[in-house]
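Each remark here refers to the structure printed beneath this line.
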Amino acid sequence: MEKQKKIKRCASDRVLITIFYILVAIFAIVCLYPLLLAIGTSFADEASVTVNGYRVIPKKFSLSAYQMILGSMGKNLLNAYTVTIGVTVFGTLLSVLVSAAFAYVLTVREFKPKGALNMFLYIPMIFSAGLLPWYIMCTKYYHLTDSFLALVLPCCMNAFNVFLLRNFFKSIPEELAEAAKIDGANYLRIFRVIYFPLAKVGLVTVGLFYALSYWNDYYLSLMFINKQNMYPLQYYLYNMLSNVQFMANQANASLGYNINIPLETTKMATICVTVGPIILLYPFAQKYITKGVIVGAVKG
C-alpha cells in the first residue's frame with residue numbers, strides 16, 4: 001500500500017515538474033521573442049519592413065542599417081563605447097564602494113547618528129527638491145559641466161541599493177565583529193576583512209543594478225555634456241536616430257516621394273548594438289541576482 005502511494009506521489013511530482021518546465025519555456029520564449037524580432041528586423045531591407053512589417057526572419061536580407069551605424073560613424077561610435085565602458089566600470093566600482101560603506105555604518109550599533117543618516121536616505125525617496133535646484137547645484141557649485149564625473153557622481157548612490165546592502169550586513173553575525181574588536185581590529189578593518197567578503201552576493205547584485213543604470217543612462221549627458229567626444233553610447237545613438245529621422249523627413253518633403261532611408265531597421269540595429277555587450281553579464285551574475293534580491297529583501 002505504501003509502495004503504491006509512493007509510486008503515485010512520484011508520478012504526480014513528475015507531472016508537476018513537467019508542467020513547470022513547460023510554463024518556464026513558454027515564459028522564456030515570450031521574453032526572448034522581442035529580442036529576436038529586433039535582431040531579425042535589423043538585418044532586413046527597409047522597403048520589406050515597410051511592406052511586411054517586423055519579422056524574426058527577414059523577407060529580404062540587408063546590412064544597410066549596420067553600414068549606416070558602423071560606416072562613416074564608426075569612429076564616433078567607438079568613442080561613445082569607450083566613454084560608456086569607462087563610466088560603467090568606474091561608476092559601478094565607486095557606487096558599490098560608497099553604498100557598501102554607507103550601509104555598513106547603518107549597521108554599527110555604537111554609531112549614534114545612524115538614525116539621522118537613515119532619515120537622510122528616506123526623505124529623498126519620498127520628496128524631491130525638483131529639477132532646477134539639482135541642475136544649479138551640479139553645474140554652478142560642483143562644476144560638472146562637460147566632465148567625466150558629470151556622468152558618474154549624480155547617480156553615485158541609490159537609497160534602495162543602500163538599504164539592500166544594509167540588510168545583507170545585518171544578516172552577518174555580530175559575533176564576528178565582536179571577535180575582531182577583541183583582537184584589536186578597528187571598524188575600517190572589520191568592514192574590509194569581514195563584512196565586505198561575506199556580502200559578496202549582495203555586492204554583485206547591487207553592482208549589476210548600478211552597471212545597468214550607468215550603461216543605459218542618457219539623461220546625465222543630455223543635461224551636462226556638450227562636447228561630442230564625451231557622448232556616451234545611449235546619447236550618441238539617440239542623436240544619430242534623431243538625425244536619421246530628420247534626414248528622412250527632409251528628403252521626403254523636398255523631393256515629394258519616399259526615399260528608402262533605413263529608419264526602422266536602424267532603430268532595431270541600435271537596440272542590438274546597445275544591448276549586446278551588457279546582456280553578456282547576465283549568465284555570470286544570474287545566480288547572484290536571484291539569491292541577492294531574496295536574501296536582501298527578507299533578512300534584516
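Could you go through segment 152-166 and let me know if any residue there is within 24 Å of Met125 (Cβ to Cβ), among the small types (Gly, Ala, Ser) and in contact with a Gly (Cβ under 9 Å, 6 or more places away or on another chain).
There is no residue in segment 152-166 that is within 24 Å of Met125 (Cβ to Cβ), among the small types (Gly, Ala, Ser) and in contact with a Gly (Cβ under 9 Å, 6 or more places away or on another chain).
Out of the residues in segment 103-133 that are within 22 Å of Leu198 (Cβ to Cβ), of a type in the set (A, V, I, L, M, F, W, C) and assigned to a loop (DSSP other than H, G, I, E, B), state the one that is farthest from the chain's Cα centre (by Cα).
Here the answer is Phe111.
Need pairs with beta-carbon distance below 7 Å; first residue over 22 Å from Tyr135 (Cα atoms) and within segment 222-248, second modelled with pLDDT under 75 and in a helix (DSSP H, G or I); sequence gap 6+ or separate chains.
Val244/Leu263; Gln245/Leu263; Ala248/Leu263
Can you find a residue in segment 166-188 that is over 16 Å from Ser95 (Cβ atoms), among the hydroxyl-bearing types (Ser, Thr, Tyr), surrounded by fewer than 19 Cβ atoms within 10 Å (Cβ to Cβ) and at pLDDT below 85?
The answer is yes; a qualifying residue exists.
Taking the residues in segment 96-136 that are small (Gly, Ala, Ser) and at pLDDT 85 or above as candidates, determine which candidate is surrounded by the fewest Cβ atoms within 10 Å (Cβ to Cβ).
Per the stated criteria, the residue is Ala101.
So which residues in segment 55-102 are of a type in the set (Ser, Thr, Tyr), in contact (Cβ under 8 Å) with a residue 60 or more places away in the chain and not in a helix (DSSP H, G or I), if there are any at all?
Ser62
Please state which of the following conditions Val83 fails to meet, knowing it meets all the rest: (1) modelled with pLDDT under 90; (2) touching a Pro at 6+ places or on another chain (Cβ under 9 Å).
(1)
Does segment 196-216 contain at least one residue that is among the aromatic types (Phe, Trp, Tyr), over 22 Å from Leu151 (Cβ atoms) and either surrounded by 13 or more Cβ atoms within 10 Å (Cβ to Cβ) or at pLDDT 85 or above (or both)?
Yes: one or more hits.
Of the residues that sit in segment 4-50 and are exposed (fewer than 10 other Cβ atoms within 10 Å of the Cβ) and under 30 Å from Ala269 (Cα atoms), which one is modelled with the highest pLDDT?
Val30
Just give me the residues in segment 119-135 being without any contact (Cβ under 8 Å) to a residue 12 or more places away in the chain and hydroxyl-bearing (Ser, Thr, Tyr), in sequence order.
Ser128, the sole residue that qualifies.
Output the helices (runs of 4 or more DSSP H) that fall wholly within segment 187-251 and possess 3 or more residues being among the aliphatic types (A, V, I, L, M), or say none.
So the answer is 200-216, 219-224.
The values are calculated or read from the model by the stated rules, or taken from the named source; none is laboratory data. Note that the structure is a prediction, hence the values are computed from the model and not measured. Note that each Cβ is placed from the backbone with ideal geometry, even for glycine, and that neighbours are counted across all protein chains shown.
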